[in-house]
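Structure record follows, encoded as structure tokens.
The values are calculated or read from the model by the stated rules, or taken from the named source; none is laboratory data. Keep in mind that this is a model prediction, so the values were computed, not measured. Counting neighbours? That spans all protein chains shown, and the Cβs are built from the backbone with ideal geometry, glycine included.
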Amino acid sequence: MKVYINGKFFAKEEAKISVFDHGLLYGDGVFEGIRCYNGVVFKLEEHIVRLFESAHTLMLSIPLTKEEMIKAVTETIKINNLRDAYIRVVITRGQGDLGLDPYKCKQPIVIIIADKVALYPPKMYKEGLEIITVPTIRNLPEALNPQIKSLNYLNNILAKIEAVNAGYQEAIMLDSMGYIAECTGDNIFLVKRNELYTPPQCMGTLRGITRDTVLELAHNLNIPVHEHVLTRHEMYISDEVFLTGTAAEIVPVVKVDGRTIGSGKPGKITLRLIEEFRKIVCKEGVKI
Ligand code: PXG
């Protein structure tokens, strides 16, 4: 495996950065997780736009243009001879001293890793997931806005720990009012009477690129969509629940907090969206 660091490729064992990097010392940096399907990098431009937006608010200047970043991503996939890949782009603040001051870090670090996709077991898509809500609430948008895909993922990691400790693979995080926000690495959708519901961005949810894709697919299929404040009760009595994310794609959920959702099997709208999603993933993106 060859890893891109600031314009050069390094063997995996040689791909190293400083222990004084503020990405490590403070979680000061941004990232994106991207998929390549059969030589097409799905929604690459959208991922790069979000990366630059996250960096903009952190006043972290990425030393490449968006076009150069797109080229660096496709080159990293090509040099690793991959057609299907999971790509992680990481921008760190760079090397500084032991104090917080980001302005002491003179050179941001751009890292691109392209690896084989670790696919989730087919059983998960066929039978659906059982998940739970957890005590750790989602970061308040007024404090650290979840739209910023920063290297500081402790909020999500605490929630993941709570889910795994309880024997579940994924957690639903609520906001400070107790409304549904999102999962630790996925957005959430409910289906009720053939209509889709998902929490709006202001609830402290990341504007997921898979979420946006599902909204587009639903529009094309004439399925009404509501970006709405959602309670746990509304979730428990919904007909279907599913999660969306770059790694997981679209995953059916069949039980939440011990309550069976709908028939207890992946629902027809979820399955239809999965089918449509699989059709477009090799079409909508940048060819390597
Ligand atoms: N919410 C959060 C908090 C996320 O981190 C999503 C939603 C889905 O967004 P996209 O744009 O991917 O549809 C994410 C996705 C992983 C992994 O390997 C995924 C994410 C971050 C870290 C790891 O599953 N982000």
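At-a-glance table
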| item | result |
| --- | --- |
| Filter pass, R83 being out of contact with any helix residue (DSSP H, G or I) (no Cβ under 6 Å at 6 or more places or on another chain) and in a strand (DSSP E or B) | no |
| Which numbered condition C202 fails, given (1) free of Cβ contacts under 8 Å to residues at least 40 places away in the same chain; (2) in a helix (DSSP H, G or I) | (1) |
| Among the candidates D97, D101, D84, residue that is free of Cβ contacts under 8 Å to residues at least 12 places away in the same chain and not assigned by TED's automatic domain parsing to the domain that holds T205 | D101 |
| Identity of the residue in the range 28-38, of a type outside the set (A, V, I, L, M, F, W, C) and under 17 Å from the mean Cα position of the chain (by Cα), that ends up farthest from R88 (Cα to Cα) | Y37 |
| In the range 239-251, the residues that are more than 16 Å from the ligand (Cβ to nearest atom) and buried (at least 21 other Cβ atoms within 10 Å of the Cβ) | E240 |
| Test: residue in the range 147-163 that is more than 13 Å from the ligand (Cβ to nearest atom), outside any loop (DSSP other than H, G, I, E, B) and within 30 Å of V110 (Cα to Cα) | yes |
| Search result, residues across the range 1-47 that are buried (at least 16 other Cβ atoms within 10 Å of the Cβ), hydrophobic (A, V, I, L, M, F, W, C), touching a strand residue (DSSP E or B) at 6+ places or on another chain (Cβ under 9 Å) and within 23 Å of C105 (Cα to Cα) | V3, I5, F9, A15, I17, L24, V30, F31 |
| M177 being closer than 26 Å to T57 by Cβ, within 15 Å of the ligand (Cβ to nearest atom) and free of Cβ contacts under 8 Å to residues at least 60 places away in the same chain | no |
| Residue that is farthest from the chain's Cα centre (by Cα), among those in the range 103-128 that are among the hydrophobic types (A, V, I, L, M, F, W, C) and part of a strand (DSSP E or B) | I109 |
| Single match in I91, I131 (criterion: assigned to a strand (DSSP E or B), within 15 Å of the ligand (Cβ to nearest atom), touching a strand residue (DSSP E or B) at 6+ places or on another chain (Cβ under 6 Å) and not assigned by TED's automatic domain parsing to the domain that holds P266) | I91 |
| Count - residues of the range 175-199 that are assigned to a loop (DSSP other than H, G, I, E, B), at negative phi and among the polar types (S, T, N, Q) | 2 |
| Some residue of the range 33-42 being touching a Ser or Thr at 6+ places or on another chain (Cβ under 8 Å) and more than 16 Å from the ligand (Cβ to nearest atom) | no |
| Hey, Q95 in contact with a His (Cβ under 9 Å, 6 or more places away or on another chain) and among the polar types (S, T, N, Q) or not | yes |
| Residue among L24, L64, L58, L44 that alone is over 22 Å from the mean Cα position of the chain (by Cα) and either outside the structural domain of T244 (by TED's automatic domain parsing) or small (G, A, S) (or both) | L64 |
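So that you can scan it fast, the table gives a plain yes or no per residue for (1) of a type outside the set (S, T, Y); (2) under 23 Å from the mean Cα position of the chain (by Cα):
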{"site": "E195", "(1), (2)": "yes, no"}
{"site": "G204", "(1), (2)": "yes, yes"}
{"site": "D212", "(1), (2)": "yes, yes"}
{"site": "H233", "(1), (2)": "yes, no"}
{"site": "V241", "(1), (2)": "yes, yes"}
{"site": "T244", "(1), (2)": "no, yes"}
{"site": "I250", "(1), (2)": "yes, yes"}
{"site": "G264", "(1), (2)": "yes, no"}
